[in-house]
Amino acid sequence: MAAGSHHACAIRANGSITCWGSNRAGQIDRTGATDAPDGQFTAIDADQHYSCAIKTDKTITCWGLNTFGQTDAPLGRFTAIAVGPWHSCAINTDKTIKCWGLNNSGQTDASAPSLATANAYTTITAGSEHSCAINTDKTIACWGLRFNSDYGETDAPSGQFTTIAAGDEHSCAINADKAIACWGDNRRGQIDSPSGQFTAIATGPWHSCAIKSDKTITCWGWEYADPTDAPDGQFTAIAAGFGHSCAIRTDKTITCWGRTEIGQINSPSGQFTAIATGIDHSCAIRTDKTIICWGGNFEGQIDSPPGQFTAIAAGNHHSCAITANGTITCWGDNRQGQINSPPGQFTAIAAGNHHSCAITTNGTVTCWGRLSFRTV
């Protein structure tokens, strides 16, 4: 599954694509009809107002806004793809890189000097106006944006790496020793990476968070009321809201941190198995499968329903959960119909700002909520 600014696309079990959301730029179909691109696909990515996907024959198809040629997919056969706001890059079957779209900062110059000595890649990521890739020898090459005073977004570190993620104007990667290296814009401390060993990493616009090998959380950078002040302890799950974050510890208790003006970090006591955060509220499933919510309640978003539940998701000011019998219950803000959940049985659920989507037991996707978004 891939999500752009106002749309999302997913590959079904049969290899076909379905998209939903805003279609002002044709990003959920290429022709103005109601169908996503025909054919069978193995990979997909999306950003801003367009999407690209790799077919089973390894060719690429793109659709949506084409202001800078970002949907003019190249010829050839490809194994991986990454889509940025205005450009895309893909790895060819010969492991070389091909990029297309906006090139105001050299972000599509896949033949740039940084790539000249290492041109076979296995992993790729696209930031705002820069791109980075991991070579088959596990080294990193980056190209593209060198913004104003040159924040160094393309100055990839030396060494061998296994995982990489790009933020707006910075990137971070985990090396072969499981240590983190970050580079690029550091106006908010987002590249001041911690020491230690890590298993996973994620980058936001101005901050990053990672899970250590010992299951502790560490975050750095800045955003709003600093939800990057990660607590001590070991954790199994984490969720981030507008200005607060919450995580489940290995003893199944919850800890929250960040903004607290309306109680959004006043986590409840007890043991929990799942957690979700909205703009200013959070909800969690207890070990007895009941739900409790806390934080802002301007739209009834913490008035959780009775019953037993297996999964939960939180939007801006609403939440939805899957009951023990597979049906969906939603509560909170309903000005866009976002709590008018459909009938049927479901296996997974996700909530956006003013809409929600769920996967049915037969693997199809259904969405509901804001009328300006197309549902499938």
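FYI, it's all coordinate maths here, none of it is from the lab. This one's a predicted model, so the numbers in the text were calculated from it and none came from an experiment. Quick reminder, even Gly has a Cβ in these numbers, built from the backbone with ideal geometry, and neighbours come from all protein chains shown.
Per-residue Karplus couplings for the range 285-300, computed as 6.51 cos²θ - 1.76 cosθ + 1.60 with θ equal to phi - 60°, are listed in order as 9, 6, 5, 8, 6, 8, 10, 10, 10, 8, x, x, 9, 4, 10, x Hz, Gly and Pro entered as x. Between the amide H of ILE328 and those of THR323, distances stay under 5 Å, these residues lying 5 or more places away or on another chain, with hydrogens modeled in the peptide plane. Summarising the amide proton neighbourhood of ALA237: residues at separation of 5 or more, or on other chains, whose placed amide H is nearer than 5 Å comprise ILE248. Using θ = phi - 60° in the Karplus curve 6.51 cos²θ - 1.76 cosθ + 1.60, the 3J(HN,Hα) couplings for the range 58-74 round to 6, 7, 10, 10, 10, 8, x, 4, 10, 4, 10, x, 6, 9, 7, 4, x Hz; x is entered for Gly and Pro.
Using a Förster radius of 25 Å, what is the FRET efficiency between LYS252 and GLN345 based on their Cβ-Cβ separation? Nearest 0.05, please. Can you show the working numbers first?
Working: r = 27 Å, r/R0 = 1.08.
Once rounded, the FRET efficiency stands at 0.40.
Given their separation in residues at 0.36 nm each and the Cα-Cα distance between them, ASP192 and ASP72 gain 39.5 nm when the chain is fully extended. Think of the range 248-376 as a dipole: +1 on every Lys or Arg Cβ, -1 on every Asp or Glu Cβ, centred on the Cα centre; then among THR287, GLN345, GLY258, GLN345 lies furthest on the positive end. Dipole magnitude for the range 248-376: computed about the Cα centre from +1 point charges on Lys and Arg Cβ and -1 point charges on Asp and Glu Cβ, it is near 240 debye. Can you tell me how the range 248-376 classifies by the Cα gyration tensor, rounded, prolate or oblate, using a/c under 1.5 as the rounded cut? In terms of gyration-tensor shape, oblate.
Legend: calculated FRET efficiency, THR287 to ASN14, from the Cβ-Cβ distance at R0 = 51 Å, rounded to 0.05, equals 0.90.
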